[in-house]
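Note sheet for the following structure.
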Amino acid sequence: MEEPLLGGLEPRGRTEGRCSYRTLTAWLPVLSWLPRYKLRWLQMDVIAGVTVGLTTVPQALAYAEVAGLPVQYGLYSAFMGGFIYTLLGTSKDVTLGPTAIMSLLCYSVVGGQPRRAVLLSLLCGAIQAALALLRLGFLLDFISFPVIKGFTCAAAVTIGFGQVKNILGLKDVPHEFFQEVYCTFRKIPEARVGDVVLGLLCLAVLVMLMLMKKTAGPDSHDRPAHARVARRFVLGLATARNALVVVAASFVAFSWDAYGFHVFTITGKTSKGLPPFQPPPTSDTTGNGTVVSFGEIVEGFGGGLAVIPFMGLLESIAIAKAFASQNDYRVDANQELLAIGLTNIMGSFVSAYPVTGSFGRTAVNSQTGVCTPAGGIVTSVIVLLSLAFLMPAFYYIPKASLAAIIICAVAPMVDYSVVAKLWRVRKLDLVPFSVTFLLSFWEVQYGILGGIAVSGVMLLYNVARPTLKVSGTDVLLMELGSGLSFPATEHLSQVLHTRALQASPPRSVVLDCHHVSTIDYTVINELTDLLRQFKLQGAKLFFSRLQPSVLEVLVSADLPGLRHADTVEAALQMHLENTSDD
């Protein structure tokens with residue numbers, strides 16, 4: 001692209017109301033690129049939108065299966081993001097919609113109940129939008145990389161193995177992972193030959209097309225014209241591989257069914273037409289007619305109501321930042337939160353379940369040369385057209401073909417190399433990774449929360465036990481390896497007592513504080529007590545290389561007996577002078 005498409009744009013000649021216009025474009029990024037929209041951008045956006053749409057439709061149908069919902073709910077969830085993100089998004093590449101991970105999380109919370117899934121979308125969107133308005137996007141920084149990787153690896157294994165039953169054509173297999181593994185292996189003799197053959201064939205075709213795309217190589221004008229045309233043809237087939245596989249598999253299933261051979265497990269009847277625009281349900285009714293109130297539903301969501309919004313934000317923002325870096329533009333994290341939050345809120349009015357950014361579809365969007373977020377509108381229109389006219393055709397989609405699409409989509413998420421990298425860089429990071437990975441097989445949200453808790457404990461331990469480098473004999477030099485805050489006061493006090501005050505005779509200490517940038521009242525209170533105890537023992541406690549902000553706080557606290565110097569050498573000289581005076 002010739003110029004950045006997203007960012008501040010100010011009309012020429014405007015001298016008044018500049019701040020208000022900038023504020024408006026900050027809240028509505030569409031105003032920063034729409035006034036300079038060009039016809040050639042429209043061509044690229046349409047091509048990218050159609051390409052992503054051909055990927056979105058079969059994936060949405062497949063991910064609804066992961067969420068335990070009727071397949072049409074995948075399409076209900078796939079079109080609102082294109083319209084909302086065009087207005088509010090700050091990345092030209094990101095596409096919002098159902099994903100494998102969010103579908104798994106949704107199932108873990110609502111258990112495949114459509115009304116509760118729609119309500120979950122509303123509540124998650126409200127939480128995400130509130131975080132954006134309060135500028136709390138920084139909270140995502142507390143989810144560490146090992147936790148993310150542990151969760152995505154476990155989710156990929158859970159989702160992938162969960163589709164084996166559809167490849168085999170098995171029925172009545174529970175969704176809980178360990179029971180699912182046991183029942184799948186126990187029921188292998190019941191596998192349907194038609195589903196197995198079709199599923200394996202779909203997997204083979206998908207893998208072959210993926211490999212063809214990787215081996216196509218970069219485009220080059222040095223190639224002959226026929227080679228360039230062949231490359232574009234191969235890339236087109238590979239990009240639309242999901243749609244091609246679903247169409248071909250559906251044709252095969254229809255053909256066999258027309259001759260009276262019901263050898264495939266098909267999707268079956270789906271609701272026709274567009275979803276009604278209506279407020280999301282605030283109550284539910286169980287199979288025996290019992291009405292479940294709004295409060296009881298929310299209580300049943302439990303920790304999932306915290307996990308799903310954060311994981312949705314984390315996934316979407318990570319994708320946006322990755323492609324912004326790759327394509328040389330910047331994104332606003334809080335604005336991204338607002339975009340995804342409003343997408344989930346508005347999506348709940350059209351029976352959608354929670355969505356987030358999709359890495360695979362975003363990659364397709366970027367690779368096909370999208371110029372602005374308007375490409376998402378084209379994708380959304382294709383989804384709406386599918387809902388309006390193609391729903392009867394979805395009746396014959398074999399579940400084995402959807403299972404093959406899901407398995408190929410989640411397989412790259414299983415990153416075995418990350419374990420070796422964590423081992424080489426910092427072995428302790430394997431602890432939150434392992435906790436998250438293992439607990440996620442029990443309950444997905446427990447895995448995430450457990451990993452965050454372990455990471456938090458490790459972080460707090462480092463704060464509470466800062467590195468203290470001690471040297472010297474008659475006068476001890478203690479260098480604080482990191483900052484000093486209230487959890488570390490007891491540790492510092494214990495080291496000073498052990499190494500200095502309990503020595504015979506008591507030794508003076510020079511405390512090198514050049515790493516300390518902030519200080520709180522607890523620390524000041526402990527330092528007051530330490531200065532008093534050093535005085536009672538006839539020793540001295542000197543502070544060297546204090547930051548100006550910390551020195552100002554200590555001076556204002558009026559600590560009795562405070563002695564400070566600009567350097568360690570000056571502090572030692574002060575000690576010698578005090579010793580000679582004594």
Check: Has region 392-409 got any residue that is buried (at least 24 other Cβ atoms within 10 Å of the Cβ), under 20 Å from residue 152 (Cβ atoms) and under 14 Å from the mean Cα position of the chain (by Cα)?
Finding: no
Check: Is it true that some residue in region 377-384 is buried (at least 22 other Cβ atoms within 10 Å of the Cβ) and modelled with pLDDT under 90?
Finding: no
Note to self: Restricting to region 130-156, give me the number of residues that are open to solvent by less than 10 Å² (accessible area, probe 1.4 Å) and of a type in the set (Gly, Ala, Ser).
What the structure shows: 5
Check: Would it be correct to say that residue 449 is open to solvent by 20 Å² or more (accessible area, probe 1.4 Å), among the aliphatic types (A, V, I, L, M), within 30 Å of residue 156 (Cβ to Cβ) and at pLDDT below 85?
Finding: yes
Check: Among 354, 281, 275, which is the only one that is under 26 Å from residue 134 (Cβ atoms), not in a helix (DSSP H, G or I) and not β-branched (Val, Ile, Thr)?
Finding: 354
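Restricting attention to region 20-57, which residues are at pLDDT below 85 and touching a helix residue (DSSP H, G or I) at 6+ places or on another chain (Cβ under 9 Å)?
Of region 20-57, the ones at pLDDT below 85 are 20-27, 51, 54-55.
Of everything in region 20-57, those that are at pLDDT below 85 and touching a helix residue (DSSP H, G or I) at 6+ places or on another chain (Cβ under 9 Å) turn out to be 21, 24, 25, 26, 27, 51, 54, 55.
Search region 501-516 for residues being without any contact (Cβ under 8 Å) to a residue 40 or more places away in the chain and within 14 Å of residue 537 (Cβ to Cβ), and hand back the single one that is surrounded by the most Cβ atoms within 10 Å (Cβ to Cβ).
Within region 501-516, the subset without any contact (Cβ under 8 Å) to a residue 40 or more places away in the chain is 501-507, 509, 511, 513-516.
So of that shortlist, the ones also within 14 Å of residue 537 (Cβ to Cβ) come out as 501-507, 509.
Values: 501: 18, 502: 11, 503: 13, 504: 5, 505: 8, 506: 17, 507: 20, 509: 25.
Applying the filter and picking the extreme gives 509.
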Margin query: Looking at 167, 159, can you tell me which residue is at pLDDT below 85 and surrounded by 19 or more Cβ atoms within 10 Å (Cβ to Cβ)?
Written below: 159
Notebook entry, point to check: Within region 233-270, which residues are of a type in the set (Phe, Trp, Tyr) and surrounded by fewer than 15 Cβ atoms within 10 Å (Cβ to Cβ)?
Noted result: 233, 251, 259, 261
Check: Which pairs have Cβ atoms under 6 Å, sit 6 or more apart or on different chains, and link a residue in region 295-317 that is closer than 25 Å to residue 89 by Cβ to one that is in a helix (DSSP H, G or I) and of a type in the set (D, E, K, R)?
Finding: 317/336
Notebook entry, point to check: How do the pairs read when you match residues in region 238-256 that are farther than 12 Å from residue 58 by Cβ and in contact (Cβ under 8 Å) with a residue 40 or more places away in the chain with residues anywhere that are open to solvent by less than 20 Å² (accessible area, probe 1.4 Å) and outside any helix (DSSP H, G or I), using Cβ under 7 Å and keeping only pairs 6 or more apart or on different chains?
Noted result: 253/398
Next item on the list: Evaluate the following for residue 74: is it open to solvent by less than 10 Å² (accessible area, probe 1.4 Å), in contact (Cβ under 8 Å) with a residue 24 or more places away in the chain and farther than 16 Å from residue 308 by Cβ?
Entry: yes
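Scanning for something part of a helix (DSSP H, G or I) and open to solvent by less than 50 Å² (accessible area, probe 1.4 Å), does region 284-296 turn up at least one residue? If you could, list the steps in order and put the result at the bottom.
So the first thing to find is which residues in region 284-296 are part of a helix (DSSP H, G or I), and the list is 294-296.
So of that shortlist, the ones also open to solvent by less than 50 Å² (accessible area, probe 1.4 Å) come out as 295.
Checked against the condition, which is being part of a helix (DSSP H, G or I) and open to solvent by less than 50 Å² (accessible area, probe 1.4 Å), region 284-296 yields at least one hit.
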Next item on the list: Assess whether residue 496 counts as being in a helix (DSSP H, G or I), surrounded by 15 or more Cβ atoms within 10 Å (Cβ to Cβ), in contact with a strand residue (DSSP E or B) (Cβ under 8 Å, 6 or more places away or on another chain) and aliphatic (A, V, I, L, M).
Entry: yes
Next item on the list: Hey, can you tell me all the residues within region 510-535 that are assigned to a strand (DSSP E or B), within 15 Å of residue 551 (Cα to Cα) and not acidic (Asp, Glu)?
Entry: 511
Check: Which residue pairs have Cβ atoms closer than 8 Å, lie 6 or more positions apart in sequence or on different chains, and pair a first residue in region 465-483 that is farther than 23 Å from residue 574 by Cα with a second residue that is of a type in the set (D, E, K, R)?
Finding: 481/469
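I'd like to verify a number: residues in region 319-333 that are in contact (Cβ under 8 Å) with a residue 60 or more places away in the chain and surrounded by 11 or more Cβ atoms within 10 Å (Cβ to Cβ), how many?
Total meeting the criteria: 10.
Show me the helices (runs of 4 or more DSSP H) found entirely inside region 20-133 where at least 3 residues are over 23 Å from residue 164 (Cα atoms) and of a type outside the set (Asp, Glu). Let's see the steps before the verdict.
Details: elements: 30-33, 39-66, 72-76, 80-88, 100-110, 114-133.
Passing ranges, in order: 30-33, 39-66, 80-88, 114-133.
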Next item on the list: Would you mind stating whether residue 413 is free of Cβ contacts under 8 Å to residues at least 60 places away in the same chain and open to solvent by 20 Å² or more (accessible area, probe 1.4 Å)?
Entry: no
Next item on the list: Just one of (1) of a type outside the set (Asp, Glu); (2) under 18 Å from the mean Cα position of the chain (by Cα); (3) open to solvent by less than 10 Å² (accessible area, probe 1.4 Å) trips up residue 110, so point out which.
Entry: (2)
Check: Can you find even one residue in region 361-369 that is touching a Leu at 6+ places or on another chain (Cβ under 6 Å) and within 25 Å of residue 50 (Cβ to Cβ)?
Finding: no
Check: What number of residues within region 407-437 are out of contact with any helix residue (DSSP H, G or I) (no Cβ under 9 Å at 6 or more places or on another chain) and within 28 Å of residue 205 (Cα to Cα)?
Finding: 1
Note to self: Return the pair list, or none, for Cβ contacts closer than 6 Å from residues in region 83-108 that are without any contact (Cβ under 8 Å) to a residue 24 or more places away in the chain to residues that are open to solvent by 10 Å² or more (accessible area, probe 1.4 Å), at least 6 apart or on different chains.
What the structure shows: none
Notebook entry, point to check: Within region 291-309, can you find the residues that are in contact with a helix residue (DSSP H, G or I) (Cβ under 7 Å, 6 or more places away or on another chain) and either among the small types (Gly, Ala, Ser) or under 20 Å from residue 413 (Cβ atoms) (or both)?
Noted result: 303, 304, 307, 308
Margin query: Can you find, within region 359-372, the residue that is nearest to residue 270 (Cα to Cα) among those that are under 23 Å from the mean Cα position of the chain (by Cα) and open to solvent by 10 Å² or more (accessible area, probe 1.4 Å)?
Written below: 360
Notebook entry, point to check: Counting only residues that are farther than 19 Å from residue 204 by Cβ and hydroxyl-bearing (Ser, Thr, Tyr), which one in region 240-264 is modelled with the highest pLDDT?
Noted result: 255
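Out of curiosity, is residue 342 open to solvent by 30 Å² or more (accessible area, probe 1.4 Å) and touching a residue at least 60 places away in the same chain (Cβ under 8 Å)?
Numbers: open to solvent by 30 Å² or more (accessible area, probe 1.4 Å): yes; touching a residue at least 60 places away in the same chain (Cβ under 8 Å): yes.
Yes: the conditions hold for residue 342.
The values are calculated or read from the model by the stated rules, or taken from the named source; none is laboratory data. Computed from a predicted model, the values in this text were never measured in an experiment. Cβ coordinates were reconstructed from backbone atoms using ideal geometry, including for glycine residues, and neighbour counts include every protein chain displayed. Heads up: the accessible areas ignore ligands, DNA and RNA and are worked out on the full protein's heavy atoms, side chains in. Shrake-Rupley method; radii C 1.70, N 1.55, O 1.52, S 1.80 Å.
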